[in-house]
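Reviewing the structure listed below.
The values are calculated or read from the model by the stated rules, or taken from the named source; none is laboratory data. Note that this is a predicted model, so its numbers are computed, not measured. We place every Cβ from the backbone using ideal geometry, glycine too, and count neighbours over all the protein chains shown.
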Amino acid sequence: MSDATPTSSPRESWNQRYDRAEYVFGTEPNDFLREVADRIPSGPVLCLAEGEGRNAVFLAGRGHQVTAVDQSDVAIAKAKRLAEERGVEIEAVVADLGQHRIAPGAWSGIVSIFFHVPSDLRGAVYRRAIAGLKPGGVFVLEAYTPAQVGLGTGGPGDPALTPTLAQLKNDLTGLEIEIGRELRREVIEGTGHSGWSEVVQVLARRAASR
Ligand SMILES: C[S@@+](CC[C@H](N)C(=O)[O-])C[C@H]1O[C@@H](n2cnc3c(N)ncnc32)[C@H](O)[C@@H]1O
């Protein structure tokens, strides 16, 4: 199933998809986030489009003060429940990232895992994210690329919602790209993402102030 259906608003589609006991993308963190988590400096982390909270809960368990934002109230309720079950605290906020203010210079890490929106919205959100990082803070991203469309293992059906590495480098101008790669990998995350997939992974850092 693709990541959103065109029959209702994106928020409604996501609410319908999340409205079940099962965690659609599982309760374990994204593999790329787990791989690079040591590179996020200690301090507060903002998880964009965080869904049901698997990444936020993982980061809270590593000692970060975590804020998770998603447009879906159903997902955010599940994120709060997962945090409670795991005995960690997260701040979980229902908001549309198109309007949501990101506090400038406040975050040691900003995480964007499988956030697929039109390029103008993505660019606007990521500009705010860049300004939101503290000096030395990192931006962590994994997303499907246009080559994913049609594979049937997850992600949106519209390639315009998926970024290439070149587009992301443009979106993230001003940050130093420490990891930037497109690759084919097996993504096993709940029933929502399951199988060989075409993804882009980025770890980018705001320069430390001198
Ligand atoms: C594929 S899910 C990924 C969820 C989570 N990042 C994860 O990896 O488990 C995409 C998420 O993006 C959220 N989303 C899409 N557009 C959004 C927007 N404009 N504002 C806030 N959340 C948005 C959806 O509600 C959905 O939860």
Pick from segment 103-122 the residues that are outside any loop (DSSP other than H, G, I, E, B) and closer than 15 Å to Val202 by Cα: which of them is farthest from the ligand (Cβ to nearest atom)?
-> Gly109
Tell me, which residue of segment 198-210 that is of a type outside the set (Lys, Arg) and farther than 19 Å from Gln167 by Cα is modelled with the lowest pLDDT?
-> Ser209
Can you name the number of the only condition in (1) out of contact with any Gly (no Cβ under 9 Å at 6 or more places or on another chain); (2) under 26 Å from Arg11 (Cβ atoms); (3) not aromatic (Phe, Trp, Tyr) that Gln148 fails?
-> (1)
Every pair of residues 6+ apart whose Cβ atoms lie under 6 Å, when the first sits in segment 170-192 and is more than 18 Å from Arg122 (Cα to Cα) while the second is of a type in the set (D, E, K, R) | Glu176/Arg205; Glu178/Arg205; Arg184/Glu198
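Filter segment 192-210 for residues that are surrounded by 14 or more Cβ atoms within 10 Å (Cβ to Cβ) and part of a loop (DSSP other than H, G, I, E, B); which is farthest from the chain's Cα centre (by Cα)?
So in segment 192-210, the residues surrounded by 14 or more Cβ atoms within 10 Å (Cβ to Cβ) come out as 192-194, 197-206.
Okay, now just the ones that are also part of a loop (DSSP other than H, G, I, E, B), so 192, 206.
On the way: Gly192: 14, Arg206: 18 Å.
Among residues in segment 192-210 that are surrounded by 14 or more Cβ atoms within 10 Å (Cβ to Cβ) and part of a loop (DSSP other than H, G, I, E, B), the one farthest from the chain's Cα centre (by Cα) is Arg206.
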Say whether the condition of being in contact (Cβ under 8 Å) with a residue 60 or more places away in the chain, farther than 19 Å from Ala129 by Cβ and of a type in the set (D, E, K, R) is met by at least one residue in segment 18-29.
-> yes
Of all residues in segment 140-169 being part of a loop (DSSP other than H, G, I, E, B) and free of Cβ contacts under 8 Å to residues at least 24 places away in the same chain, the one that is surrounded by the fewest Cβ atoms within 10 Å (Cβ to Cβ) | Gly150
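Are there any strands (runs of 3 or more DSSP E) wholly within segment 1-95 with 3 or more residues that are in contact with an Asp or Glu (Cβ under 9 Å, 6 or more places away or on another chain), and if so which? I'd like the intermediate steps shown before the answer.
Details: elements: 45-48, 66-70, 90-94.
Counting at least 3 such residues, we get 66-70, 90-94.
Restricting the search to segment 94-111, which residues are over 25 Å from Gly136 (Cα atoms) and surrounded by fewer than 15 Cβ atoms within 10 Å (Cβ to Cβ)? Don't jump to the end; show me each part of the working.
Start the filter on segment 94-111 by keeping residues that are over 25 Å from Gly136 (Cα atoms), which leaves 94-96, 98-99.
If the condition is that a residue be over 25 Å from Gly136 (Cα atoms) and surrounded by fewer than 15 Cβ atoms within 10 Å (Cβ to Cβ), then Ala95, Asp96, Gly98, Gln99 are the ones that fit.
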Exclusive hit being within 24 Å of Val138 (Cβ to Cβ), at pLDDT 95 or above and either more than 10 Å from the ligand (Cβ to nearest atom) or surrounded by 21 or more Cβ atoms within 10 Å (Cβ to Cβ) (or both), set Ala77, Ala83, Ala21 | Ala83
